[in-house]
Amino acid sequence: MNTNKRHHLHITVLILLGAFLAARLCFWVLPELLGTWDAKAIDRLFLFRSSTPRFRPTYDDTIVHVDITDSTLKRLKTFYLNRSHYARVIKNLGEMKVSAQMYDFIFAAPSDPTQDEALIDATKTAANVYFGMAFRLRHEANDQEITGGSEAIPYLEKTAWNVGVDGNPDLLYRGTDPLITFPKLASASRGLGFLNLNTDPDGVNRRILLLVRYKGAFYPSFSFRGICDYLRVTPERITVKPGISITLKGAKRPEASSGHDMAIPIDRHGNMLVNFIGPWGRMKHYDFADIYTASEDRDEMAMWADELSGKIILVSEVTTGAADLGPVPTDSLFLSGGIHTSALHTLLQDSFITDLSAAQELIIEGLMLMILFTFSQTLSSLTFTLATLGMGIGYIGIAGAGFLYANLIFPIIRPLMMLAFAVTATVVFRFIKEERTRHFIHTTFGRYLSKEVVEELLNSPHGLEMSGENREVTFLVSDLRGFTSTSSRLPPQDVIQILNDYFERMVDIIARFRGTVDELQGDGMLVFFGAPLQAIDDPERAVACAIEMQRAMPHMNRILRERNLPELAMGIGINTGEVVVGNIGSEKRTKYGAVGTPINTTYRIESHTVGGQILISPATLEKISVQLSIRDTLEAQFKGIDRPMMLYDVTGIQGKYSISVPELNCASAQIQLNNCPAYMQKRCRLKI
């Protein structure tokens with residue numbers, strides 16, 4: 001793997017890790033805001049499920065509502081219900097053999113003695129009645145737990161639950177300032193449960209607290225107290241694992257022959273997510289007045305007994321202006337009594353909504369990062385963005401399926417934020433990298449390549465590797481024969497003018513044939529064909545370019561003669577071979593170049609040329625598929641190479657380019673001879 005690719009991989013890994021950490025940092029800095037967004041996304045799943053018959057949860061009508069409505073008050077011809085009304089309903093429901101009567105009220109103080117006595121007697125006779133109580137809830141420890149309601153203390157001490165605790169309970173809610181149903185009625189009841197509801201930061205009721213700590217003991221919520229008795233689970237068979245679960249050992253419905261351990265998932269404060277089955281209307285509702293008047297007719301009592309026998313009855317007030325309304329995931333206006341009923345239903349059905357664990361979330365986000373890494377290495381920026389968008393949509397689909405089919409809650413917002421951060425940072429990095437590449441190409445090749453070739457480089461992301469790579473390249477080396485000695489006899493300004501005119505003409509020709517001028521050394525040039533852009537006809541273009549360069553020399557010499565300047569003769573050597581090409585240099589100075597033996601061989605081939613001659617190596621000849629005009633061959637022995645190399649004196653090429661070097665006249669031949677190095681004079685005379 002080349003250096004540039006390794007660097008790109010390292011940057012990509014850092015970007016993905018940064019996106020992962022940034023998403024988590026956002027949730028750490030703004031937990032309520034982003035947590036609310038996450039909860040709102042899950043609410044949409046609740047709403048979709050409750051409104052779609054295929055996914056709608058089954059309603060267990062063991063739990064039913066008895067509602068005190070405006071119609072109730074009209075039928076009973078009263079503006080409010082007194083305790084004798086409740087006493088009669090308790091008595092009637094007891095005779096109907098219901099399993100439990102749960103009154104969503106706190107009868108905080110005695111009232112009329114006669115009515116209170118009737119209520120207490122009915123409660124004691126029924127032996128299945130539950131009332132409410134409340135605490136002021138706190139997260140932190142508080143030494144002043146008993147700040148009011150001293151009459152509640154004896155009852156609370158007598159009814160405390162000593163449950164097993166496996167773990168650190170410090171984060172579980174603590175209760176202060178207890179408010180209970182007045183002790184005499186509370187003692188006659190089956191038990192009390194606290195009615196406190198904890199809303200999320202956005203005001204939505206999504207979870208319910210099951211146990212609260214008070215004076216070193218535990219007290220159950222209203223719904224939890226009722227369901228534990230219904231499932232015949234005593235406090236001694238309850239184990240609390242803070243942040244994990246509350247386990248009911250041997251939980252068993254009345255009709256069941258055997259029990260099972262029920263593990264209720266809870267958060268670190270002891271809250272259970274409520275599995276809402278739908279809006280208020282999904283549950284069965286009966287009117288309080290119907291139960292009240294049922295005892296006036298024996299047949300009606302029998303009918304109601306058939307209807308309600310074995311049911312868990314939740315009695316709550318839903319009159320206009322008196323109802324305690326609040327939003328839940330499935331309903332914007334939901335009665336608080338329905339939250340307790342939904343909690344009862346969740347517990348009774350053993351159908352719990354479970355959040356993924358921190359380890360599971362980490363695994364999911366890790367898999368997403370791995371997929372993103374694969375995408376980033378194989379896809380273009382646009383495709384990468386679309387693929388990441390598709391992955392986000394796919395993840396939402398998986399999260400939805402997990403909720404609908406397995407009651408699992410996947411985190412929604414944080415993984416999507418991670419994807420958004422990752423795709424944004426990756427695209428920005430690619431843009432910056434591309435701009436740097438474009439700048440490098442303009443800086444490195446703008447002076448030596450045609451505008452068309454530079455644009456092709458800029459528009460071909462894979463056409464230029466900015467780091468080292470092996471590539472087959474055809475090299476062209478040109479040199480002016482004898483110019484070094486000639487230049488010593490000329491004024492400096494004439495030398496510079498001759499070279500500038502010569503190079504300008506030659507570079508134009510090279511650019512036309514899509515060559516890359518790598519070096520200008522004195523009066524010589526090194527040209528690449530196949531780097532940075534590679535094509536199948538690189539050797540043919542190199543030969544055609546060399547012929548065109550030789551064809552340009554007579555015109556240049558004519559201009560030099562007119563200016564009384566010495567004429568020029570150029571020799572060209574061409575060779576093909578595999579070399580390492582890439583960005584070579586230091587951080588302060590860099591150039592695009594090549595390294596390899598074929599370059600040195602090209603220079604040696606060029607050193608055997610005479611003015612006007614083009615010599616190519618066998619390696620180049622083998623790569624050319626069109627016919628060449630070869631005037632002569634030369635066997636040369638190079639230092640470091642065991643066998644002599646056959647060189648070919650090319651004068652023309654057929655096919656796509658179809659050009660040839662013009663024949664030398666006598667004057668030109670003499671110029672070639674005069675500019676030929678001394679050690680080549682004999683060969684020069686033979687050629688002439």
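The values are calculated or read from the model by the stated rules, or taken from the named source; none is laboratory data. Nothing here was measured: the structure is a model prediction, and the numbers come from that model. For neighbour counting, all protein chains shown are included, and Cβ atoms are generated from backbone atoms with ideal geometry for every residue, glycine included. For the accessible areas, the whole protein counts, side chains as well, though only heavy atoms, and no ligand, DNA or RNA atoms are used. Shrake-Rupley method; radii C 1.70, N 1.55, O 1.52, S 1.80 Å.
I need the full set of residues from region 266-284 which are surrounded by fewer than 17 Cβ atoms within 10 Å (Cβ to Cβ) and outside any loop (DSSP other than H, G, I, E, B), in order please.
Scanning region 266-284 gives a single hit, G281.
I'd like the full set of residues that are among the aliphatic types (A, V, I, L, M) and open to solvent by 10 Å² or more (accessible area, probe 1.4 Å), limited to region 331-344. Let's see the steps before the verdict.
We begin by selecting, within region 331-344, every residue among the aliphatic types (A, V, I, L, M); these are 333, 335, 339, 343-344.
Correct list: L333, L335.
Give the residues of region 408-435 that are touching a strand residue (DSSP E or B) at 6+ places or on another chain (Cβ under 7 Å) and open to solvent by 30 Å² or more (accessible area, probe 1.4 Å), sorted by residue number.
Initial filter on region 408-435 (touching a strand residue (DSSP E or B) at 6+ places or on another chain (Cβ under 7 Å)): 408-409.
Answer for region 408-435, where residues must be touching a strand residue (DSSP E or B) at 6+ places or on another chain (Cβ under 7 Å) and open to solvent by 30 Å² or more (accessible area, probe 1.4 Å): just L408.
Could you grab the pairs with beta carbons closer than 7 Å, sequence gap of 6+ or different chains, first residue in region 256-281 and more than 23 Å from D331 (Cβ to Cβ), second one among the basic types (K, R) and at pLDDT 90 or above?
S258/K252; G259/K252; D261/K249
Just checking, how many residues over region 505-555 are touching a residue at least 60 places away in the same chain (Cβ under 8 Å), on the phi < 0 side of the Ramachandran plot and of a type in the set (K, R)?
Number satisfying all stated conditions: 3.
Looking at (1) modelled with pLDDT of 90 or more; (2) open to solvent by 50 Å² or more (accessible area, probe 1.4 Å), which one does K5 not meet, given that it meets all the others?
(1)
Specify which of the listed residues (G593, G611, G573, G577) is in contact (Cβ under 8 Å) with a residue 40 or more places away in the chain, closer than 16 Å to R541 by Cα and touching a Gly at 6+ places or on another chain (Cβ under 8 Å).
Of the residues listed, the single one that is in contact (Cβ under 8 Å) with a residue 40 or more places away in the chain, closer than 16 Å to R541 by Cα and touching a Gly at 6+ places or on another chain (Cβ under 8 Å) is G577.
Give just the number: which of (1) over 27 Å from L356 (Cα atoms); (2) open to solvent by 60 Å² or more (accessible area, probe 1.4 Å) does R237 not satisfy?
So R237 meets the others, but not (1).
Can you tell me which residue in region 113-144 is modelled with the lowest pLDDT, limited to those that are part of a loop (DSSP other than H, G, I, E, B) and open to solvent by 30 Å² or more (accessible area, probe 1.4 Å)?
Step one: filter region 113-144 for residues part of a loop (DSSP other than H, G, I, E, B), giving 127-128, 139-144.
Narrowing further to those that are open to solvent by 30 Å² or more (accessible area, probe 1.4 Å): 127, 139-144.
On the way: A127: 95, H139: 76, E140: 68, A141: 57, N142: 52, D143: 46, Q144: 49.
Residue satisfying both the conditions and the ranking: D143.
Collect the residues in region 235-249 that are under 43 Å from the mean Cα position of the chain (by Cα) and not hydrophobic (A, V, I, L, M, F, W, C), keeping them in residue-number order.
Listed by number, the residues that qualify are T239, K241, P242, G243, S245, T247, K249.
Of these, I238, I227, which one is under 22 Å from F46 (Cβ atoms) and among the aliphatic types (A, V, I, L, M)?
Result: I227 is the single residue among I238, I227 that is under 22 Å from F46 (Cβ atoms) and among the aliphatic types (A, V, I, L, M).
Need a quick list: strands (runs of 3 or more DSSP E) entirely within region 591-665 having at least 3 residues that are at negative phi and open to solvent by 20 Å² or more (accessible area, probe 1.4 Å).
On the way: elements: 614-616, 628-636, 645-653.
Per the criteria, 628-636, 645-653.
Taking helices (runs of 4 or more DSSP H) that do not extend beyond region 295-384, which have at least 2 residues that are under 30 Å from A422 (Cβ atoms)?
On the way: elements: 298-308, 336-349, 358-378.
Correct list: 358-378.
Looking at V328, is it surrounded by 17 or more Cβ atoms within 10 Å (Cβ to Cβ) and either of a type in the set (K, R) or closer than 30 Å to H260 by Cα (or both)?
no
Report yes if L179 is at pLDDT below 95, in contact with a Gly (Cβ under 6 Å, 6 or more places away or on another chain), hydrophobic (A, V, I, L, M, F, W, C) and under 30 Å from D112 (Cβ atoms), otherwise no. Walk me through how you get there before you give the answer.
Values: at pLDDT below 95: yes; in contact with a Gly (Cβ under 6 Å, 6 or more places away or on another chain): yes; hydrophobic (A, V, I, L, M, F, W, C): yes; under 30 Å from D112 (Cβ atoms): yes.
When the stated conditions are applied, L179 passes them.
Testing A23 on (1) open to solvent by 30 Å² or more (accessible area, probe 1.4 Å); (2) more than 30 Å from D324 (Cβ to Cβ), one condition comes back false. Which one is that?
Only one criterion in (1) open to solvent by 30 Å² or more (accessible area, probe 1.4 Å); (2) more than 30 Å from D324 (Cβ to Cβ) is unmet by A23, namely (1).
Quick check, is A289 open to solvent by 30 Å² or more (accessible area, probe 1.4 Å), of a type outside the set (F, W, Y), under 30 Å from K77 (Cα atoms) and assigned to a helix (DSSP H, G or I)?
Considered against the rule, which asks whether it is open to solvent by 30 Å² or more (accessible area, probe 1.4 Å), of a type outside the set (F, W, Y), under 30 Å from K77 (Cα atoms) and assigned to a helix (DSSP H, G or I), A289 comes out as no.
On the basis of being in a helix (DSSP H, G or I), at pLDDT 90 or above and either in contact with a strand residue (DSSP E or B) (Cβ under 8 Å, 6 or more places away or on another chain) or of a type in the set (K, R) (or both), does F440 make the cut?
no
Looking at T69, T58, T62, which one is among the polar types (S, T, N, Q) and open to solvent by 50 Å² or more (accessible area, probe 1.4 Å)?
Result: T58 is the single residue among T69, T58, T62 that is among the polar types (S, T, N, Q) and open to solvent by 50 Å² or more (accessible area, probe 1.4 Å).
State whether one or more residues within region 303-315 are touching a residue at least 60 places away in the same chain (Cβ under 8 Å), open to solvent by 50 Å² or more (accessible area, probe 1.4 Å) and of a type in the set (S, T, N, Q).
Yes, region 303-315 has at least one match.
Can you name the residue in region 474-523 that is touching a Pro at 6+ places or on another chain (Cβ under 8 Å) and of a type in the set (S, T, N, Q) and, of all such residues, is surrounded by the most Cβ atoms within 10 Å (Cβ to Cβ)?
Looking at the filtered set, the residue picked out is T474.
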